[in-house]
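Participant: Mind having a look at this structure? Questions to follow.
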Amino acid sequence: MLDAATLDSLAAAFAALGRLHREAPDETALRGFRDLIEDWPLAALEPEGKDSAAGPSNAGPSNAGPSNAGLPSAGLPNSGSSSAGPSNPGPSNPAPAGAAAVGEAGTADASTRTRWHGGTDAGRAATGAGMEQIRESARAGETPEEIRRDHDLLYGDTAAARVAPYESVHRGVDGLVFGEATLEVRAAYQALSLQAPKLNQEPDDHIGLEFDFMAQLTLQVIDALYGDDAARAEKLMTHGTDFLRDHLLAWAPQMLDLATQHAQTHFMKGVVLLSIGALDSYAELLDLPFERP
């Protein structure tokens, strides 16, 4: 049986990480994310093997139902009904990066969300290591400018990328963007009436957009559960399982492993490690193999 509290935790994690892969945080978002890292929605293992949280961070999820607003649209804006002809979504309406997504995605804010204790030991160890890197970033006084520079050099925002953030580059025969994987990912988005914010200008298969897609799909599952529409919830979860297996898990572990080697700041290393932990958690929930390099 699908559990809304578990899905809420996963949606929050994937929303925050998708946003941070897409764009470096500004000063406000950086401070907020650091403050909220102890309320990270997915449980972690400390280096000595002890769970970082003995139990849920509070009594349970909010009983008010899922957020009507869904995710802030810094990732995939809604493209309108898939049967209504050409979409006209208008510009995306970004909200503050990072920390805001932790608080806004799903049914509960970070102070009341139940921390999910799923995932393998290896995945929760990656989450613990990621949390420690975010703490170390604060202790070291890393600035938004330093993190932005690292994000730029890592993903090629304005220069040659150390690690390409696009699925098609890692999976395509010629290693170019806008390959077959890009079109497959676009079709998966369109099935949920979503589209990349810069359609035909930027590849749809950026790791941040794929993370954001899993977050938005998960919120739609929660909506269906609260609406007593079990059939729709199961259909959405099947779509999410297919996407996770055929796309994210087929390339992101290798890409994230490269990113851990090339990231220069504690903050970006933390984002990458938290992403490994999040993928492990969702894969474990869906009984999918998570193969690390």
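Participant: Just to verify a number: what accessible area does Val169 come out at with the full protein assembly present, 1.4 Å probe, Å² rounded to tens?
Facilitator: The accessible area of Val169 comes to roughly 40 Å².
Participant: Treat each spin label as a single point 7 Å out from the Cα along the C-beta direction, and report the Asn78 to Ala159 distance in nm.
Facilitator: In this crude spin-label approximation the distance works out to 4.1 nm.
Participant: Can you pull the one-decimal nm distance between simple spin-label points at Ala122 and Arg245, each 7 Å off the Cα toward Cβ?
Facilitator: According to this spin-label approximation, the distance is 1.9 nm.
Participant: Where does each of Lys235, Lys198 land when they are ordered by accessible area, with a 1.4 Å probe and the largest first?
Facilitator: Values: Lys235 150, Lys198 105 Å².
Ranking Lys235, Lys198 by accessible area, largest first, yields Lys235, Lys198.
Participant: For Ala191 and Glu291, what is the calculated FRET efficiency with R₀ set at 22 Å and r taken between the beta-carbons, to the nearest 0.05? Before the final figure, lay out the partial values.
Facilitator: Working: r = 26 Å, r/R0 = 1.18.
Result of the calculation: an efficiency of 0.25.
Participant: Taking the Cβ-Cβ separation of Asp257 and Arg232 as r and a Förster radius of 35 Å, what is the calculated FRET efficiency to the nearest 0.05? Walk me through the intermediate numbers first.
Facilitator: Details: r = 36 Å, r/R0 = 1.02.
In this case the efficiency is close to 0.45.
Participant: When a/c is below 1.5 the answer is rounded, else prolate if a/b is larger than b/c, else oblate, so apply that to region 202-293 with a ≥ b ≥ c taken from the square roots of the Cα gyration tensor eigenvalues. All intermediate terms of the calculation are to be shown ahead of the outcome.
Facilitator: On the way: a/c = 2.27, a/b = 2.03, b/c = 1.12.
It is prolate, given that a/c is not under 1.5 and a/b is the larger ratio.
Participant: Can I ask one more? Using a Förster radius of 25 Å, what is the FRET efficiency between Glu145 and Glu202 based on their Cβ-Cβ separation? Nearest 0.05, please.
Facilitator: Details: r = 24 Å, r/R0 = 0.95.
Calculated transfer efficiency: 0.60.
The values are calculated or read from the model by the stated rules, or taken from the named source; none is laboratory data. What you are looking at is a predicted structure, and each value in this text was computed from that prediction instead of being measured. No Cβ is skipped: glycine too gets one built from the backbone with ideal geometry, and neighbour counts run over all protein chains shown. To get the accessible areas, we keep the full protein, side chains included, count just its heavy atoms, and leave off ligands, DNA and RNA. Shrake-Rupley method; radii C 1.70, N 1.55, O 1.52, S 1.80 Å.
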